[in-house]
Amino acid sequence: MALPENDTALIEKHFEGLLTKEEEIMLNEKKQLTPGFAEEMELQKTMITAIRLADKTLLKEELKKEAQKIVLPIANQKKVKWYGIAATLVLLVVSIFVLLPSQNSLFNAYYVPFPESPVTRSENNDKGNYTLAMQQYSIGNYEQALV
């Protein structure tokens, strides 16, 4: 049923909640007096609901697309962040091994042979082996000094 334009506008205002008291009274009278007016109102209500639902669906799709544009770069940033952390840890470990001296170099830097001092155990004047060992020790030949 085709309604006049002023009736269609009245129905639209009713669904938007913009009717004045006089317009509301006029709408109720038309529902009761005009045959098919209530059916037309229900049909328009159904169409408005369908249009709003379609708009919501389109809006959801657009929001999903926009969210993917935002979320994907963030996910890539997280990967870059983890790669950065891993690279920092690797550099830290490598720098520790390179910059810190090894144990042998520490030993060599601080090792000083014990100074030689004469030690006597008895009144025996036989210092042949002891004197030879001390001579070897003083020139740095520690293996021979041990023998």
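The values are calculated or read from the model by the stated rules, or taken from the named source; none is laboratory data. Please read these numbers as outputs of a predicted model, since none were measured by experiment. Here Cβ is always computed from backbone atoms with ideal geometry, including for glycine, and neighbour counts include all displayed protein chains. The protein model used for the area step is the full one, side chains on, heavy atoms only, and it has no ligands, DNA or RNA in it. Shrake-Rupley method; radii C 1.70, N 1.55, O 1.52, S 1.80 Å.
The overall shape of the chain, judged from the alpha-carbon gyration tensor, is prolate: a/c is not under 1.5, and a/b is greater than b/c. Rolling a 1.4 Å probe over the heavy atoms of the protein chains gives the chain an accessible area of 89 Å² per residue. Can you compute the FRET efficiency between residue 60 and residue 12 using 1/(1 + (r/R0)^6), with r the Cβ-Cβ distance and R0 = 22 Å? Round to the nearest 0.05. For R0 = 22 Å, the calculated efficiency reads 0.30.
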